[in-house]
Amino acid sequence: MRLSCTVNGQRRDIDVCPAESLLFALRERMGLPGTKNACEQGECGSCTVYLDGVAVCACLIAAGQAEGGDVVTVEGLADDEGPHPVQQAFAESGAVQCGFCTPGLIVAVHDVLSHSPRPTDAAIREALAGNLCRCTGYEKIFDAVRSAAVRMSAEGKRR
Amino acid sequence: MTSFVQPVGLDEACEAKAAEPDLVPLAGGTDVMVELNFRRARPHGLLDLTRVPELREWSVSDGCWLRLGAGVSYARIIKELGGHAPALATASRTVGSPQIRNRGTVGGNLGTSSPAGDALPPLLATGSTVELVSVRGNRLVRIEDFFTGPKENVLLPDELVAAVWLPVGRGPQQFSKVGPRNAMVIAVAALATALDGESRRVGVGLGALAPRPIRAVEAEDFASWALDWDGGSGIHADVAARFGALVAGACAPIDDVRGSSAYRRHAVAVLAARSLRWAWQEYRKDKSCG
Ligand SMILES: Cc1cc2nc3c(=O)[nH]c(=O)nc-3n(C[C@H](O)[C@H](O)[C@H](O)COP(=O)(O)OP(=O)(O)OC[C@H]3O[C@@H](n4cnc5c(N)ncnc54)[C@H](O)[C@@H]3O)c2cc1C
Ligand code: FES
Ligand code: FES
């Protein structure tokens, strides 16, 4: 079937099998490999994207369900001025080792901070429960979230 | 895979299901897509329900019943329904992760009918009713009659779950779940308790403790009889313990990688006694405040 949707602000019209995942369509058909495929069962969060402003696992969305939708992936978070503060914070806090979990975490953290600009550690832990990292032990990820929160409020950025 | 049908209204969805009963309904996809990704299922076609507005609504009628559309996400239940459906909202908080709660629905939990589905014990404890719909009309099924076996239910090939009806404002409710960590766990044991101050009944729903989600009727009868509804005096330790034992007795748990049947029985007895005490405390507090 034909899928028409907006991805990172750009209109896309592509052919998909309706039952394939949005993750597959993004990576294999639209040339957007930033969103990672690790488990295909909703457990790891490395495929986290926004669909119509809501953070979801792209591996659990049927491509056909994105018809007419607005998708934002990790590739869509930076703007002309450079990487998003969440991305800068991850790079500078050492929150990235192998980097496989990073794109999903960046989107998930972006989502947390857009709802609660100064989350407590308990709230961060709960909000990131669906994102697994096998490398960092999460401490540096927490540092990155706190530092991103500070940067965003300094820059007056909500999203 | 031949078809992907995207109705934009409930009538249209029912017509599609009647015309092609093999279509697999697809709501949040958090169960269906795992099956598809791992090629455990190769459906003839999918019926995407996410564009059916009727399924995404809830309303409260006469202040007595909450009609919850099958397609309302857990995230919305947590945000919008903590007051009307406290046990269901608490259970929703324990489902998966934010990403899963943003998509997953009670209709999908009913469709899957897993013995461990977290939305199901609250529906059982509160005495909820499932509304099914097809081109032939609507029918109501009491929640305890909905499940027929592990992952089996009474849905006919042309039917969809339209909504669930939950009684509101009857009294305190509790939900507890045991698992190896605080998030992203399938329940090892789950229990919901609901007090109904009007009919003076205690309802108990159990998850992951039998081949299907069940009520603990003997325990319900015992607690309803033993509690001092008029005087509101505290619960005697023996009453709480007896209640726990009766709940454990209602279970037919399995041994599996997540827990032994003996552990499950023990855990639910503890949860039950605790939940009854908590719920009763709240009931007494509400009563003394008038
Ligand atoms: C990582 C992960 C964690 C999870 N954690 C939990 C958890 O903690 N607790 C828990 O209970 N579940 C959990 N689940 C399972 C799942 O999220 C729930 O069962 C959820 O309620 C399914 O809802 P859905 O809308 O995504 O259903 P879908 O996957 O869209 O559908 C599920 C089933 O219901 C049918 N269906 C859907 N809507 C209707 C309808 N209106 N009428 C008739 N049939 C319908 C479908 O055909 C299918 O058989 C988890 C899943 C994942 C991937
Ligand atoms: S790939 Fe989607 S959650 Fe792991
Ligand atoms: S950095 Fe390797 S999985 Fe997180």
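Bear in mind that the values in this text are calculations on the coordinates, not laboratory data. It should be emphasised that the depicted structure is a prediction, and the values quoted were computed from it without experimental measurement. Backbone-built Cβ (ideal geometry, glycine too); neighbour counts: all protein chains shown.
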Original post:
Hey, can you list the DSSP H helices of chain B whose Cα span along the axis is 18 Å or longer and whose average Kyte-Doolittle score is at least -0.5?
Top reply: B:237-250
Original post:
Mind checking which of A:T136, A:T35, A:T73 has the largest fluctuation in a GNM of chain A, springs on alpha carbons under 10 Å?
Top reply: A:T136
**OP:** Based on other C-beta atoms within 10 Å, arrange A:F100, A:F90 from fewest to most.
**Re:** A:F100, A:F90
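Can you give the average number of partner chain beta-carbon atoms within 10 Å of each beta-carbon in peptide B:27-40, as a whole number?
Average neighbour count from other chains, rounded to a whole number: 5.
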Original post:
Per residue, how much space in cubic angstrom lies within the convex hull of the C-alpha atoms of the stretch A:42-159?
Top reply: 101
Subject >> Rounded to 5, the percent of DSSP beta bridges in the stretch B:3-167 classed as antiparallel >> reply: 80
Subject >> chain B, relative contact order in percent, only Cα pairs under 8 angstrom and at least six apart counted >> reply: 16
Original post:
So which lysines pass the test for B:K287, namely a Cα distance under 28 Å, with those fewer than 8 places away in the same chain ruled out?
Top reply: B:K79, B:K177
**OP:** Arrange the following residues from fewest to most other Cβ atoms within 10 Å of their Cβ: A:S147, A:S116.
**Re:** A:S116, A:S147
Original post:
Whole-Å semi-axes of the stretch B:158-290's equivalent ellipsoid, largest first, each the root of 5 times a Cα gyration tensor eigenvalue?
Top reply: 26, 19, 13
Original post:
Using a cut-off of 19 Å between alpha-carbon atoms, which aspartates and glutamates can reach A:K140, once sequence neighbours fewer than 8 places away in the same chain are excluded?
Top reply: A:E92, A:D111, A:D121, A:E126
Original post:
Considering chain A as a Gaussian network with a 10 Å cut-off on Cα pairs, which listed residue, A:G31, A:G104, A:G68, attains the greatest mean-square fluctuation?
Top reply: A:G31
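Rounded to the nearest 0.05, what FRET efficiency do A:R2 and A:S114 have when you use their Cβ-Cβ distance and R0 = 30 Å?
Computed FRET efficiency for A:R2 and A:S114: 0.40.
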Subject >> the stretch A:44-109 and the stretch B:36-87: distance between their alpha carbon centers, rounded to Å >> reply: 26
**OP:** Could you line up B:M33, B:M184, A:M1, A:M30 from fewest to most neighbouring Cβ atoms inside 10 Å?
**Re:** A:M1, B:M184, A:M30, B:M33
Subject >> Over the stretch B:3-167 - Rg/Rh using Cα atoms and the Kirkwood inverse-distance radius >> reply: 0.94
Original post:
Looking at B:L66, B:A41, B:P98, which one has the Cα that reaches farthest to the positive end of the dipole of the stretch B:3-167 (charges on Cβ: Lys, Arg +1; Asp, Glu -1)?
Top reply: B:P98
**OP:** Could you please report the charge total around B:F147, scoring K, R as +1 and D, E as -1 over all other residues with beta-carbon less than 12 angstrom from its beta-carbon?
**Re:** +1
